Every structure is written in C-alpha cells, then in structure tokens.
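K.L.:
Can you keep this structure in mind? I'll have questions shortly.
The values are calculated or read from the model by the stated rules, or taken from the named source; none is laboratory data. Since the structure is predicted, the reported quantities are computational estimates derived from the model, not experimental observations. Cβ atoms come from the backbone with ideal geometry, glycine included; neighbour counts cover every protein chain shown. Ligands, DNA and RNA are excluded from the accessible area calculation, which covers all protein heavy atoms including side chains. Shrake-Rupley method; radii C 1.70, N 1.55, O 1.52, S 1.80 Å.
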Amino acid sequence: MLREVLIGKIHRATVTEADLNYVGSITIDEDLMEAANMREFELVHIWNIDNGERFQTYTIKGKRGSGVICLNGAAARKVAVGDKIIIAAFGMMEEEKLDGYQPHIVIVDDNNRIVEQHRGM
C-alpha cells in the first residue's frame, strides 16, 4: 500500500511578493527549497496563517539566498505581502519504508532565513 506523507515543510515563511499577472505558482528561494527537500514544479500546499486560506500550487526556484516567497497568478489573491504561510510538499511512499522516516522541516525567521532545520517534528 502507498501512503501520502509529508516530504518537506517551510514553516512560517513571510510572503515577500504577490504578482497577480504572473502565470501561477509560488517562487521560493532555492536555498529554502533544497533545505525542505522540494523540487521545482512540485505540487505544494500553502496554508496562510494570517487569514486561514488553504490552497495548492507548484514551485518555481527563486534566486538563491534572496529570501523570496512570491505567490503568482491567482494565488496572489490568497495572500498579502507580509503574511505568514506554511509551505508543505507531500509524496507517496510504500508503507514498509515508513518506519523511521522523517520529513525535512525548515523553520525561518521574518526575513525567510533558516533558523532551524531538522528531520521530523
């Protein structure tokens, strides 16, 4: 049996931009994507801590070290610059591989700089 599990999470990221006219997605600093084990064009869930919005989009690599978290296209209507969000990627895993598995968790500061990075909750 396959189970859907958390692969990686960026916790309490600050939205730095919202671009309604871009063709959709979320642009994320490449350093953050790597730390959270996220890949470009991967489906991610976005949970807005400030307004309760929950939606999905796909990732695009942003400039490494920039701290960019930019919601693009229709998703830009779900956030405001300065909002705190959680970005989570999920994947399918065979049940027998789940014992001992731990997702990549990345906690950032107000400038989207990594302050904690660990496996598991």
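K.L.:
Build a GNM of the chain with springs between Cα atoms under 10 Å: which of 37, 21, 51 gets the top mean-square fluctuation?
P.N.:
21
K.L.:
Using θ = phi - 60° and the Karplus curve 6.51 cos²θ - 1.76 cosθ + 1.60, what whole-Hz ³J(HN,Hα) does each residue of the range 32-43 get, with Gly and Pro shown as x?
P.N.:
Values per residue, Gly and Pro as x: 5, 4, 4, 4, 8, 6, 9, 10, 5, 6, 7, 5 Hz.
K.L.:
Among the lysines, select those whose C-alpha is under 25 Å from the C-alpha of residue 84, and discard any that sit fewer than 8 residues away in the same chain.
P.N.:
9, 61, 63
K.L.:
Moving on. With each pseudo-label sitting 7 Å past Cα toward Cβ, what's the residue 94-residue 116 distance in nm, one decimal?
P.N.:
Between residue 94 and residue 116, the simple spin-label model gives 3.3 nm.
K.L.:
Multiplying the sequence separation of residue 64 and residue 42 by 0.36 nm and subtracting their Cα-Cα distance, what value in nm do you get? List each step's numbers first, then the result.
P.N.:
Numbers: separation 22, 0.36 × 22 = 7.92 nm, distance 1.76 nm.
Length gained, residue 64 through residue 42: 6.2 nm.
K.L.:
Loop-only check: which trypsin sites (Lys or Arg not before Pro) in the range 51-121 are DSSP coil with at most 15 other Cβ within 10 angstrom? Could the numbers behind the result be given before it?
P.N.:
Working: sites: 54, 61, 63, 64, 77, 78, 84, 97, 113, 119; in loops: 63, 64, 113.
When the trypsin sites (Lys or Arg not before Pro) of the range 51-121 are filtered for loop state and at most 15 Cβ neighbours within 10 Å, 63, 64, 113 remain.
K.L.:
At 1.4 Å probe size, with every protein chain present, just tell me what the per residue accessible area of the chain comes to in Å².
P.N.:
Normalised by residue count, the accessible surface of the chain is 55 Å².
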